[in-house]
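To keep things clear, I will list the structure first and then write my remarks on it.
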Amino acid sequence: MSLPLTLLIDPVSVDSDRTDFSDTFHETDSAAPALRVGELSAQRGDGVFETLSVVNGHPQAVEPHIARLCNSAEICELPVPNADQWRAAIAYAVARLPHEGEVALKFVLSRGVESGPAPTAWLHATRATDFRAVRENGVRVVTLDRGYARGVAERAPWLLMGAKTLSYATNMAALREAKRRGADDTIFLTTDGYVMEGPTSSVVLRIGGSYVTPAPSGAILHGTTQQSIFEYLRDRGEQVEYRDVTVDELRRADAAWLGSSVRLAVAITAIDGEPMRTDRPLTDDLNAYLLGRTA
Ligand code: PLP
């Protein structure tokens, strides 16, 4: 029941016939050295990861996160993750986490050390940042050019767009640029003016009574939070759509949110300095729903 909690994991092949994985991971002191200096995750950001939220002891959207880890690994040509092993490691960790409050549980699959062992994997759970105020007050956003035109993932698959790789240096640089411009967060645009995603979030807009998110074409991640938001809206009889969204549509949207696993749904209150309409009751409902998920 203590935090942080760290597990070192020996990745098991996808075609293993094991059913018990308990001897394939072990707890380690979170403050102790655990990785070798030759680790390609540290040297080159060469690995993939997921972060899911554990709320009051319930891990959220485990299956969509594991599915996305597998998809990211495939894009990066990493060994195929054994989903049952990840389920077992997550369950082991969750059983040892506090049953109250919000925890961020990050799990990583790295290409490993050049001369072996490879691949390497670990899981690290920490107390989540307190996002209650930002869920209530929203974020000011600037749009930033991602530097690629629409269709880049298909033209240049080696850019690994659509994989959640450990290489988040550009994403963090974009957040610093947003701060320099007096905002809290950013939305990436293609060079030809289409909405992509935030550096750590998906974009959901309400346009003319329909809820819209940019299609996860391969250039952006398919957000697990966005998928939960769409499930909630669909259940309420609302219309939801995956499609291309232009920056002009973003600016004229009736309301817009950024969605991500730990911060959850936050309203966009301004875009490039222009105030944006918000829907506080719906934002509250979305976050109550997201926090209440038990799977
Ligand atoms: N897009 C990017 C680039 C992200 O890093 C994230 C989350 O970290 C998301 C979208 C949202 O994904 P999720 O809702 O699964 O956290």
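The values are calculated or read from the model by the stated rules, or taken from the named source; none is laboratory data. These figures come from a predicted structure and were not determined experimentally. Using ideal geometry, Cβ is built from the backbone for each residue, glycine included, and neighbour counts are taken over all protein chains shown. Ligands, DNA and RNA are excluded from the accessible area calculation, which covers all protein heavy atoms including side chains. Shrake-Rupley method; radii C 1.70, N 1.55, O 1.52, S 1.80 Å.
Do we find a residue being in contact with a helix residue (DSSP H, G or I) (Cβ under 8 Å, 6 or more places away or on another chain), within 30 Å of Asp284 (Cβ to Cβ) and open to solvent by less than 80 Å² (accessible area, probe 1.4 Å) anywhere in segment 146-163? Within segment 146-163, not a single residue is in contact with a helix residue (DSSP H, G or I) (Cβ under 8 Å, 6 or more places away or on another chain), within 30 Å of Asp284 (Cβ to Cβ) and open to solvent by less than 80 Å² (accessible area, probe 1.4 Å). In segment 18-33, which residue that is under 15 Å from Ala83 (Cβ atoms) and surrounded by 10 or more Cβ atoms within 10 Å (Cβ to Cβ) is farthest from the chain's Cα centre (by Cα)? Looking at residues that are under 15 Å from Ala83 (Cβ atoms) and surrounded by 10 or more Cβ atoms within 10 Å (Cβ to Cβ), I get Arg18.
How many of the residues in segment 91-140 are part of a helix (DSSP H, G or I) and either in contact with a Cys (Cβ under 8 Å, 6 or more places away or on another chain) or open to solvent by 70 Å² or more (accessible area, probe 1.4 Å) (or both)? Number satisfying all stated conditions: 3.
If you filter segment 36-60 down to residues that are under 23 Å from Thr120 (Cα atoms) and in a loop (DSSP other than H, G, I, E, B), you find that the one that is nearest to the ligand (Cβ to nearest atom) is Gly45.
Check whether at least one residue in segment 62-72 is free of Cβ contacts under 8 Å to residues at least 40 places away in the same chain, open to solvent by less than 40 Å² (accessible area, probe 1.4 Å) and either under 21 Å from Leu105 (Cβ atoms) or away from the ligand (no atom under 16 Å from the Cβ) (or both), and report yes or no. Yes, segment 62-72 contains a residue that is free of Cβ contacts under 8 Å to residues at least 40 places away in the same chain, open to solvent by less than 40 Å² (accessible area, probe 1.4 Å) and either under 21 Å from Leu105 (Cβ atoms) or away from the ligand (no atom under 16 Å from the Cβ) (or both). The set of residues in segment 200-219 that are within 9 Å of the ligand (Cβ to nearest atom), closer than 15 Å to Thr165 by Cα and crowded, with 23+ Cβ neighbours inside 10 Å contains only Ser201.
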